[in-house]
Every structure is written in C-alpha cells, then in structure tokens.
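Note sheet for the following structure.
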Amino acid sequence: MESNTSPSNRKIYFLLSNTYTLLTRAIGAYTRAPYGHVSIAFDEDLDEMFSFGRRRPRNPFIGGFVREGVDHGTF
C-alpha cells in the first residue's frame with residue numbers, strides 16, 4: 001500500500017476565528033485584528049485541530065496547547 005503523504009504532498013491548515021470571549025475582545029481592541037484565535041490542522045476535514053488556549057474553559061489563567069475539533073473545543 002502506497003502512502004500519498006510524502007513531504008511535498010503534506011498540507012497545513014490554519015483556522016482563524018473570533019471566539020467573542022472577554023480575552024479575545026481585549027486582544028482585538030489592542031490589535032484591531034478581526035480574529036484573535038488560530039487553530040492548526042493537518043487534515044482538510046479539520047477533524048483534529050490544535051491551538052494554544054484555555055485548558056479549563058472557565059479559567060483563563062490556565063493555558064497550554066489544547067486539542068480542538070470542529071464540533072468540540074471551539075466556540
């Protein structure tokens with residue numbers, strides 16, 4: 001079975017979003033950027049994404065790399 005994932009065929013997908021949380025609104029007020037959150041994925045279906053964000057949704061002070069999906073982990 002031959003794989004189609006040679007280094008020249010690999011793609012990286014970035015999903016820019018605005019979660020409209022207090023922290024994202026503060027970042028947007030400072031940067032004037034329309035998006036304050038970036039997720040990275042390695043498959044075009046965005047089944048599994050990664051970002052730097054809150055490890056516990058209700059606590060903005062505990063952060064790190066988190067796993068997200070289109071149907072969970074994102075706003």
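The values are calculated or read from the model by the stated rules, or taken from the named source; none is laboratory data. Remember, it's a predicted structure, so these values are computed and weren't measured experimentally. Virtual Cβ from ideal backbone geometry, glycine too; neighbours counted across all protein chains shown. Just so you know, the surface numbers come from the protein's heavy atoms only, side chains and all, with ligands and any DNA or RNA stripped out. Shrake-Rupley method; radii C 1.70, N 1.55, O 1.52, S 1.80 Å.
Taking Cβ atoms as reference points and 14 Å as the exclusive limit, the residues near Tyr13 contribute a net charge of -4, counting Lys and Arg as +1 and Asp and Glu as -1.
For the pair Phe50 and Ser8, a Förster radius of 30 Å applied to the C-beta separation gives a FRET efficiency near 0.85, rounded to the nearest 0.05.
Give the shape of region 28-70 as rounded, prolate or oblate, defined through the alpha-carbon gyration tensor: a ≥ b ≥ c are the square roots of its eigenvalues, a/c under 1.5 means rounded, and otherwise the shape is prolate if a/b is larger than b/c and oblate if not. It is oblate, given that a/c is not under 1.5 and a/b is not larger than b/c. Solvent-accessible area per residue in the chain equals 86 Å², computed with a 1.4 angstrom probe and all protein chains kept. Helix 22-31 and the longest principal axis of the Cα set of the chain meet at an angle near 90°. Dividing the Cα radius of gyration of the chain by its Kirkwood radius returns 1.07 for Rg/Rh.
Distance between the pseudo-spin-label points of Val70 and Leu15 (7 Å out from Cα toward the beta carbon): 0.8 nm. In the chain, the calculated helix contribution to ellipticity at 222 nm averages -4000 deg cm²/dmol per residue, counting -39,500 (n - 2.57) for every DSSP H run with n ≥ 4.
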